[in-house]
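Visitor: Can you keep this structure in mind? I'll have questions shortly.
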Amino acid sequence: MAKQTELMNQYVADLGVLNVKFHNLHWNVVGERFKPVHEYVEELYDMIFENYDEAAERLKMLGEFPLASLKKYLEVTNVEELDEKDYQISEVYAILKQDLGHLKTLATNIRSAADEADDFATVALMEDQVDAYDKELWFIAQALK
Ligand SMILES: [Fe+2]
């Protein structure tokens, strides 16, 4: 398996786990500004779910099988899941910053590996996704000020 496809399966697994983790934050965030943060986290899980599907479909186009079970995701993921409890807004932003930063790094590494393999479609896909993470990381940095 080429290096970028191995990394892409890592990415698919992390996104699959983060879809659940972000729902946890969406449901369990508390505080005075509950509603906008609750809705913001919904936008984020919608975005990563889209990225998850696009990365998996790109793997299919490359002739690979994307990982497609929660069991396998938990075997390979680098994402740490959270307990069911109340989360303060500042905690939610700190967690989002860490996880989106991780996704940005991984997507950047996939982009570089794909570039080395002249896999330009994967390069373009990952550049778009890195761009989107950058924007969200900026929103979060502003919120944390
Ligand atoms: Fe919801």
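Visitor: Scan the stretch 24-38 and report the pairs whose first residue is within 14 Å of LEU96 (Cβ to Cβ) and whose second residue is among the hydroxyl-bearing types (Ser, Thr, Tyr) and modelled with pLDDT of 95 or more, with Cβ atoms within less than 9 Å and a gap of 6+ or a chain change.
Guide: Sorted first by the residue in the stretch 24-38, then by its partner, the pairs are ASN24/TYR87; LEU25/TYR45; LEU25/TYR87; HIS26/TYR40; HIS26/TYR45; ASN28/TYR87; VAL29/TYR87; VAL37/TYR93.
Visitor: Now, a different point. Give me the helices (runs of 4 or more DSSP H) completely within the stretch 1-101, filtered to those with at least 3 residues that are away from the ligand (no atom under 16 Å from the Cβ) and polar (S, T, N, Q), ordered by residue number. Talk me through it step by step, then tell me what you get.
Guide: On the way: elements: 3-28, 34-61, 70-76.
In the stretch 1-101, 3-28 are the helices (runs of 4 or more DSSP H) which contain 3 or more residues that are away from the ligand (no atom under 16 Å from the Cβ) and polar (S, T, N, Q).
Visitor: Determine which single condition GLN10 fails, assuming it passes every other condition in (1) farther than 13 Å from THR77 by Cβ; (2) buried (at least 16 other Cβ atoms within 10 Å of the Cβ).
Guide: (1)
Visitor: Moving to a separate point now. One residue is enough: does the stretch 67-78 have a residue meeting the conditions under 19 Å from LEU125 (Cα atoms) and crowded, with 21+ Cβ neighbours inside 10 Å? Write out each step before concluding.
Guide: So the first thing to find is which residues in the stretch 67-78 are under 19 Å from LEU125 (Cα atoms), and the list is 67.
When the remaining residues are screened for being crowded, with 21+ Cβ neighbours inside 10 Å, the result is 67.
Yes, because at least one residue in the stretch 67-78 is under 19 Å from LEU125 (Cα atoms) and crowded, with 21+ Cβ neighbours inside 10 Å.
Visitor: Just give me the residues in the stretch 113-127 being surrounded by fewer than 14 Cβ atoms within 10 Å (Cβ to Cβ) and assigned to a helix (DSSP H, G or I), in sequence order. Don't jump to the end; show me each part of the working.
Guide: Within the stretch 113-127, the first condition is being surrounded by fewer than 14 Cβ atoms within 10 Å (Cβ to Cβ), and the residues that meet it are 116, 118, 120-121, 124.
Result: GLU116, PHE120, ALA121, ALA124.
Visitor: Of these, VAL130, VAL123, VAL92, VAL76, which one is modelled with pLDDT of 95 or more and touching a strand residue (DSSP E or B) at 6+ places or on another chain (Cβ under 8 Å)? Write out each step before concluding.
Guide: On the way: VAL130 fails: touching a strand residue (DSSP E or B) at 6+ places or on another chain (Cβ under 8 Å); VAL123 fails: touching a strand residue (DSSP E or B) at 6+ places or on another chain (Cβ under 8 Å); VAL76 fails: touching a strand residue (DSSP E or B) at 6+ places or on another chain (Cβ under 8 Å).
That would be VAL92, the only listed residue that is modelled with pLDDT of 95 or more and touching a strand residue (DSSP E or B) at 6+ places or on another chain (Cβ under 8 Å).
The values are calculated or read from the model by the stated rules, or taken from the named source; none is laboratory data. All values reported here derive from a predicted model rather than from experimental measurement. Positions of Cβ are generated from backbone atoms using ideal geometry, with glycine treated the same way; all protein chains shown enter the neighbour counts.
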